[in-house]
1. How many angstrom lie between the C-alpha centres of segment 249-302 and segment 55-83?
2. For segment 42-56, just list the computed ³J(HN,Hα) in residue order, Karplus coefficients 6.51, -1.76 and 1.60, θ = phi - 60°, integers in Hz, with x standing in for Gly and Pro.
3. How big is the charge dipole of the chain about its Cα centre, in debye rounded to the nearest 20, if each Lys and Arg gets +1 on its Cβ and each Asp and Glu gets -1 on its Cβ?
4. Kindly write out, for segment 124-132 in residue order, the coupling ³J(HN,Hα) from the Karplus curve 6.51 cos²θ - 1.76 cosθ + 1.60 (θ = phi - 60°), rounded to whole Hz, with x marking Gly and Pro.
5. What's the extension gain from residue 15 to residue 397 if we count 0.36 nm per residue and subtract their Cα-Cα distance?
6. Report the calculated FRET efficiency for residue 218 and residue 329 (r = Cβ-Cβ distance, R0 = 25 Å), to the nearest 0.05.
7. For a test of the definition: using alpha carbon positions, the gyration tensor, and the 1.5 limit on a/c, classify segment 356-401 as rounded, prolate or oblate.
8. Assign one of three labels to segment 3-156, namely rounded, prolate or oblate, based on the Cα gyration tensor with a ≥ b ≥ c the square roots of its eigenvalues; rounded applies when a/c is under 1.5, prolate when it is not and a/b is larger than b/c, and oblate otherwise.
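Nothing in this text is a laboratory measurement; each read-out follows from the coordinates by a stated rule. Worth saying up front: this structure is predicted, and the values here are computed from it rather than measured. Heads up, the Cβs are rebuilt from the backbone with ideal geometry, glycines too, and the neighbour counts pull from every protein chain shown.
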Amino acid sequence: MPSLILGSRSLAAWSGRTLVIGVTGSDPVTAVASTELPKTTAKHLDQVLPVLEVGTKVGATATLPAVPGLKADKVVLVGLGDTTTDEGGYPTDALRRAAGAAVRAAGKGSVAISLPHTDDSDLAAIAEGAVSGDYTFTAHKSAPGETQDREITVFSSLGRESAPKDVLDTAATVARNVAWARDLVNTAPNLLYPQSFTEQVQEVAKASSGKLTVKVLDDKALVEGGFGGIVGVGQGSSRPPRIVTLSYAPRSKKVPHVALVGKGITFDTGGVCIKPSAGMTTMKSDMAGAAAVAATVVAAAELELPVAVTGYLCLAENMPGGNAQRPGDVVTMRNGTTVEIIDTDAEGRMVLADGMALAAESDPDQILDVATLTGACVVALGPKIFGVMGNDDELREAITEAADRADEESWPLPLPADLRSGLDSAVADIAHKGDRWGGALTAGLFLQEFAKDADGESIPWAHLDIAGPSFNEGGPWGHIPKGGTGVAVGTLLEHLANLV
């Protein structure tokens, strides 16, 4: 994990490996930085940029060695695009992506970043993007090579009254926990399973500077507690399920309480309704929702956000063992609802529903669930956008607005009442899956049944279906690496920070 340092010297005096400067425009292409460039540097860039035909598309990079007026070994020029804000700056998503792409292009060694910014949000985006672009996962390599624990210096144009050092400290906390979520998603499924996931959470919580409490319901406690959904999903595996409760509460008791529920299927074969082999290649990532929830709660505690947060990590492995669940089985959930199993490959909603029922017992002000839930959502929105559903329009809108601030793409989806009849069952209170049409929406309608208190009254609830953007199967782009992305951590933190 790199360290973030606020630049205190001039660009000309910085003597590290790589200096990052932005470029924009088309005729001519112009170099832009957070502080004024040395005159000899600016003159040199004005001469070479037209000749090199440097691209200014967001995240495009070009490398120049030994630039006059600078002590840095080389300069990475990164495109910021041509879109500007009303304040004359650049959108935070462009700054975030550019910083990430530039750090990746810089290679090894120390990096300094000088990108234009107008406020704290811009600076945070640059810092978080830079650390995000530096991310690599080498835990399973026999020879991981040099670690990436390097210094990233960020030059800021903001005055002391804006406390840029505090902005960087916050960015480092967010980025560190996003990296942990990515690590969890990228870990091989023979090494990350319900118990080992549980142990990781316990270790991180113990080492954290935040005041965190961890409680664990093991397989025996889940049976005794009537958690038929998660018990049924996990009964085909030799590695039994767990529900881990990770909690943070500030000193003040008069604060909102938000329950976060994360789907944590550590590997999904589909159960007896087994997936084709190609459909299993990324199924170690089916616990990305639980990873995002765990990382969010730890970050919220370390940032001392003025909100109480309880995370429910619903951890199970969906395997086709001799005791595996069958289509046609009927199980009783934590809240007493009976559910007819239609397709054992639609297991995520079952573990989430038990987690939501448990969360509802603590009388939270809001319940948010995060899950790699449906391929239907990926079909609808593509691989980079997550869907947001809910029983409360204001909460759903608040989540999409938080996603915008975090530069995570989302889109609101409806929960049409006329699709609810597709979940009717002749043998149980509800079937857990409808027909193929509107699959992401009927999954949401099922979960909505469990966002209720003991009297049957609805609790404000939103559902984040992150099946698309949770795992990047292609090459890295902008600040997003290949593999686990840590999506939703930024959105959840933005939402929590703005509740008060």
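1. So the separation of the two Cα centres works out to 38 Å.
2. With the stated coefficients, segment 42-56 comes to 4, 5, 4, 5, 4, 7, 8, 4, x, 6, 6, 6, 5, x, 10 Hz.
3. Numbers: 40 positive and 61 negative charges, 381 e Å.
Computed about the Cα centre, the dipole is about 1840 debye.
4. 4, 4, 5, 5, 5, x, 5, 5, 4
5. Result: 132.9 nm gained on full extension.
6. 0.65
7. Values: a/c = 3.23, a/b = 1.68, b/c = 1.92.
Oblate is the answer for segment 356-401, as a/c is 1.5 or above yet b/c matches or exceeds a/b.
8. Values: a/c = 1.56, a/b = 1.33, b/c = 1.18.
Prolate, since a/c reaches 1.5 and a/b exceeds b/c.
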